[in-house]
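Working notes for the structure below.
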Amino acid sequence: MEIEFPTDRIKKAQQLRTIIVLVALYLLMASNAMAMAVPAAGSFAYDLYDIGVNQILLGPIGFVAGVACMVFAAILAIRQMILPAAGVVLGGAFLLKADAVVQTIGATII
């Protein structure tokens, strides 16, 4: 059995306090945020954006996937699998409201 002296507790408390202060300072640091812009027509990435976002995500494929997620979430909820159902509902909502999500998505640059 190991005996713990009061000085060990004081050192551990000081280390914990230092870690908490460093984490708080890191969280309070400001960073630049830049929203992603839609590529201009004719640019290199516009064709990929048009196919991936406009035709698939915002098109009928994305809508059907969103409705299928909602049906699957209902089945999971009926089977009392609430936590997986909540995740599937979030994914389905993302697919159904993809146009709003695509407009507001941004990348944080530190």
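The numbers here are math on the coordinates, done by the rules we state, and not lab data. Remember, it's a predicted structure, so these values are computed and weren't measured experimentally. Here Cβ is always computed from backbone atoms with ideal geometry, including for glycine, and neighbour counts include all displayed protein chains.
Listed values, structure above:
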read-out: Distance between modelled label sites at ALA40 and LEU83, nm, 7 Å Cα→Cβ extension; value: 5.0 nm
read-out: Integer Hz, Karplus 6.51/-1.76/1.60 couplings in order for the stretch 65-73, x for Gly and Pro; value: 5, x, 5, 5, 5, 5, 5, 5, 5
read-out: Global geometry of the stretch 33-109, whether rounded, prolate or oblate, following the gyration tensor of its Cα atoms and the 1.5 cut on a/c; value: oblate
read-out: Other-chain or far-sequence residues with amide H under 5 Å of VAL38's (modelled H); value: none
read-out: Net charge contributed by nearby residues that have their C-beta within less than 12 Å of GLN15 (K/R +1, D/E -1); value: +3
